[in-house]
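Q: The structure that follows is given in the form of C-alpha cells.
The values are calculated or read from the model by the stated rules, or taken from the named source; none is laboratory data. None of the values given here were measured: they were computed from a predicted structure. For neighbour counting, all protein chains shown are included, and Cβ atoms are generated from backbone atoms with ideal geometry for every residue, glycine included. Accessible surface areas use protein heavy atoms only, side chains included; no ligands, DNA or RNA. Shrake-Rupley method; radii C 1.70, N 1.55, O 1.52, S 1.80 Å.
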Amino acid sequence: MTIETGTDTLVVTERGPVLEIKINRPGKRNSLIQETVDALGAAYELLEAGPYEVGIVYGEGTKAFCAGADFTNPPRDDSRAYPNFTVKLSKPLISAVEGYTVGAGFVLSQSTDIVVAGKGAQFGYPEARIGITGGGGTLIASRVPTKVAADLLLTGRFYDAERAREAGLVSEVTEEGEALTVARQLADQIAGNHGPSVRLLKALIDRETQTTTVEGAQWLGTLTAHTSDINRLKNSQGLKGTGRS
C-alpha cells in the first residue's frame, strides 16, 4: 500500500500483523515537508484502526532516518509527525534508525516505543544553534536524565549510536544497515505476544511518560514565536550549518 502525498511519497507496507512506514525522501535525507507530516499522521491512524499489532517507522536508505524539517520547504505544523502526540496509539511502534536523526527526526524517533539504531546513526537536536525551538525538545528531555538532556539540547551536539544507548535514547544497537532487520524481528516477537497484554503494558508506560511530555510540548510551543530567530534560521544550512554534511 502506498500513500501518495503530492511532492513526496510515504510508503506504507502491510506485513501480516506488522505495519511498516517508510519515509521515502532519500535525496533530501528523508527530511519533513507538510505532505510527509500529514501522511505520517494518516499512517499512524491506519496502524491504530487496522488489524495490526505493531508498527515500524524508518527512512529510505542508510544516510538518514530523518534529517528534520526540510529547510527549503518546512512544514507549517509538524505535530502529526510524532506518534502518540496528536495520534494516540495503543499499539507499539518501533523506529529503525540509520544515519542522521536530527531535530524533528530525533523527536520522531523518541516518540516511538522502541528505538533500534545502526552503528552509524547520529542523533542531534541543533535547534539552539539555528535559532528555533518548538515543543519537540520535551520528547527528549522527558526520556533521559536531566544532565543528558541539558547536554543535548543546550549544546546542540550529536551523539553516536553507542552514546545514545548509554543515555537511554536507544534500545538496541546493530551493525550498520541492520536496524530494520532487527526491528522486524522485535516486531514479530511483539506481534506473537498476547495483544491485550501488550496494549495494557504500553498504556502503563505511556501513563508514566506521555502526559507530562504533551503538556510540556504544548507549553513550549506557545513560546516559540518569542524565541525564534528567523534571520539565524535563514542563514542556517541544515546539517552543513552544524558542521556535518
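Q: Solvent-accessible area per residue for region 1-92 at a 1.4 Å probe radius, Å²? List each step's numbers first, then the result.
A: Details: 3740 Å² over 92 residues.
That works out to 41 Å² per residue.
Q: Compute the FRET efficiency between Asp77 and Thr13 as 1/(1 + (r/R0)^6), taking r as their Cβ-Cβ distance and R0 = 22 Å, and round to the nearest 0.05.
A: Using R0 = 22 Å, I get an efficiency of 0.25.
Q: Which trypsin sites (Lys or Arg not before Pro) in region 1-82 pass both tests, a DSSP loop state and at most 11 other beta-carbon atoms within 10 Å?
A: In loop regions of region 1-82 (DSSP not H, G, I, E or B), the sparsely surrounded trypsin sites (Lys or Arg not before Pro) are Arg76.
Q: Continuing with this model, one more query. Would you mind classifying region 1-142 by shape? Square roots of the alpha carbon gyration tensor eigenvalues, ordered a ≥ b ≥ c; an a/c under 1.5 is rounded, otherwise it is prolate if a/b is larger than b/c and oblate if not.
A: Cα axes put region 1-142 in the rounded bin.
Q: Between Leu201 and Arg129, what is 0.36 nm times their sequence separation minus the Cα-Cα distance? Round to one decimal in nm.
A: 22.1 nm
Q: Hey, another quick one. Accessible surface of Asp113 in the full protein assembly, 1.4 angstrom probe, to the nearest 10 Å²?
A: Per-residue accessible area (Asp113): approximately 60 Å².
Q: Say the cut-off is 28 Å between C-alpha atoms; which of Lys22/Lys147; Lys63/Lys202; Lys22/Lys119; Lys22/Lys202; Lys22/Lys88 go over it?
A: Where the Cα-Cα span goes over 28 Å, the pairs concerned are Lys22/Lys147; Lys63/Lys202.
Q: Write down the accessible area per residue of region 138-211 in Å², having rolled a 1.4 Å probe over the full set of protein chains.
A: Heavy-atom accessible area per residue stands at 56 Å².
Q: Another question, if that's okay. Could you order peptides 153-166, 91-104 by the average number of other Cβ atoms within 10 Å of their residues, highest first?
A: The packing order, highest mean first, is 91-104, 153-166.
Q: Considering only protein heavy atoms, with the full assembly of protein chains and a 1.4 angstrom probe, order Glu178, Glu53 by accessible area, largest first.
A: Numbers: Glu178 80, Glu53 55 Å².
Output order, biggest surface exposure first: Glu178, Glu53.
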